[in-house]
There are 2 protein chains.
Amino acid sequence: MRQNALFQLGTGLGTPGTARKEDFAIVSPAKVQAEERDDHFVVRNGVRCAGAHLIVDLYGAERLDDIDHIETALRRAVDAANATLLHIHLHHFEPNGGVSGVAVLAESHISIHTWPENGYAALDVFMCGKADPDACVPVLREAFAPTNIAVSELLRGQGV
Amino acid sequence: MRQNALFQLGTGLGTPGTARKEDFAIVSPAKVQAEERDDHFVVRNGVRCAGAHLIVDLYGAERLDDIDHIETALRRAVDAANATLLHIHLHHFEPNGGVSGVAVLAESHISIHTWPENGYAALDVFMCGKADPDACVPVLREAFAPTNIAVSELLRGQGV
């Protein structure tokens, strides 16, 4: 499967360009062996679970078509949560300028999907271990200046 | 930011190895220009929204440490949903053999995080446009043979 072509492109589209953005690195075996998932189950609000999954909606938000700004915001959110970034990928869509981005973490992931024409962004912040997903919220608020932000929390893997 | 090193490796860890797995492709400008996000708002259960976000929990599941099997399952789920895969990344953790994987789609994303030692996997399936996230569920059921599967649906971006 590793050699499969990745991109399954649409057909019959004649739209303006889109850009793909990705950071990756080849990691030496020695470094790979130093990596570990922080997958300890957590107790959150008295509930033992695999991790806390925040569903975050931004309304009336700004800069949702700025892929560099979005990458910076994701990286800041990862740092604020004291999480460990393993991989980040962002994709810029046309014609609306929307961005889809995912940060894969040692503690799970952050995703963002933006609709700039609506001032709307849908994120989720899933973190296990010692990372603090709540710490991402002020970073997102500062980065995208939403007029309204909604956060709900799912405690995943209860009773496992 | 594009030249930044990606991996922020943990320190002081002496654990067995971990493997990173990723498919990517260099896309020619002509092909890049043929790509477009299917970001139409949808009406689901009578509610207009940016997309349907399924929160999927698998309990008593099998093969949660098999990264090739998990990649195949994700690709099958994408196909079943009639979605378009843009990028896929999976990460294999040690010592527990857990896998974190994300498929970035033209219609949003699928993520999976597994805890093989607990038979537990946390997924989310977020799709906008014409893709059918519900079609992923039987694929996941077949792939991982869970004794129990819980699916809840969030309609993201209502009222936007």
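The values are calculated or read from the model by the stated rules, or taken from the named source; none is laboratory data. Only a predicted model underlies this, so the values are computations on that prediction, with no experimental measurement involved. Neighbour counts are summed over all protein chains in view; Cβ atoms, including those assigned to glycine, are modelled from backbone coordinates with ideal geometry. These accessible areas exclude ligands, DNA and RNA; they are computed on the full protein's heavy atoms, side chains included. Shrake-Rupley method; radii C 1.70, N 1.55, O 1.52, S 1.80 Å.
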_Enumeration of residues in the range B:45-62 that are over 19 Å from residue B:150 (Cβ atoms) and touching a residue at least 40 places away in the same chain (Cβ under 8 Å)_ = B:47, B:48, B:49, B:50, B:51
*In the range A:57-77, which residue that is touching a Ser or Thr at 6+ places or on another chain (Cβ under 8 Å) and open to solvent by less than 10 Å² (accessible area, probe 1.4 Å) is nearest to the other protein chains (Cβ to nearest Cβ)?*
A:70
*From A:150, A:122, A:106, A:143, grab the single residue that is touching a Leu at 6+ places or on another chain (Cβ under 7 Å), in contact (Cβ under 8 Å) with a residue 12 or more places away in the chain and among the hydrophobic types (A, V, I, L, M, F, W, C).*
A:106
_Going residue by residue through the range B:126-138, is there one that turns out to be touching a Cys at 6+ places or on another chain (Cβ under 8 Å) and closer than 30 Å to residue A:96 by Cα?_
no
*When only residues in the range B:44-56 that are within 9 Å of another protein chain (Cβ to nearest Cβ) and under 13 Å from the mean Cα position of the chain (by Cα) count, which is nearest to residue B:112 (Cα to Cα)?*
B:55
*What residue, among those in the range A:108-155 that are open to solvent by less than 40 Å² (accessible area, probe 1.4 Å) and part of a loop (DSSP other than H, G, I, E, B), is modelled with the lowest pLDDT?*
A:129
_Within the range A:82-102, take every residue that is touching a residue at least 40 places away in the same chain (Cβ under 8 Å) and assigned to a loop (DSSP other than H, G, I, E, B) and give me the one that is most open to solvent (accessible area, probe 1.4 Å)._
A:82
